[in-house]
1. Could you tell me how many degrees, from 0 to 90 and to the nearest 10, lie between the Cα long axis of helix 125-134 and the main elongation axis, the longest principal axis, of the Cα atoms of the chain?
2. Report the Cα centroid-to-centroid distance between region 1-40 and region 69-113 in angstrom, as an integer.
3. Could you give the alpha-carbon Rg of the chain over 2.2 N^0.38 Å, rounded to two decimals?
4. Filter the GluC sites (Glu not before Pro) in region 1-99 to those in DSSP coil with at most 13 other Cβ atoms within 10 Å of their Cβ, and list the result.
Amino acid sequence: MEHITDTPTLKAPAERFTGNVYLNMIEAPAEPSRLAAGLVRFTPGARTNWHSHALGQVLYITDGVGLVGTRDGKAIRVSAGEIVKCPAGEEHWHGATDTNLMAHIALVVGDGTGDGTTWLEPVTDEQYSTALATTDD
């Protein structure tokens, strides 16, 4: 058993996120386990870049209201207690709405060389605005 009493809050890297995003790592992938888990907090309007995961991702929304979007233009509005599963290889993004904070625990299983995430270009303001306008309240 390992009891961890505190993890530092880090500002997420600007080359992977738009806006102010903060991260507390829960678990980094390390053999023999390949689990990566982190608590990610998004300020209003903040979001990830487009990205995908070699083995998929699970998001557990802990607080606030957010969005998750995919390359086909689908976007869903999420709130505390909801779970989103992103399948392996699916290009997607997630973040807060323009008026609310959003926090989630992100879970991924690494591919043996890291957490298996492929980071892509930023979500444009137009893509973000379209997602806001097309999701149900």
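1. 80
2. A separation of 15 Å, based on Cα centres.
3. Expressed relative to 2.2 N^0.38 Å, the Cα Rg reads 1.01.
4. Sites meeting the loop and neighbour criteria: E2, E15.
Bear in mind these aren't lab numbers, they're just calculated from the coordinates by the rules spelled out. Note that the structure is a prediction, hence the values are computed from the model and not measured. Here the Cβ is made from the backbone with ideal geometry for all residues, glycine too, and neighbour counts use every protein chain on show.
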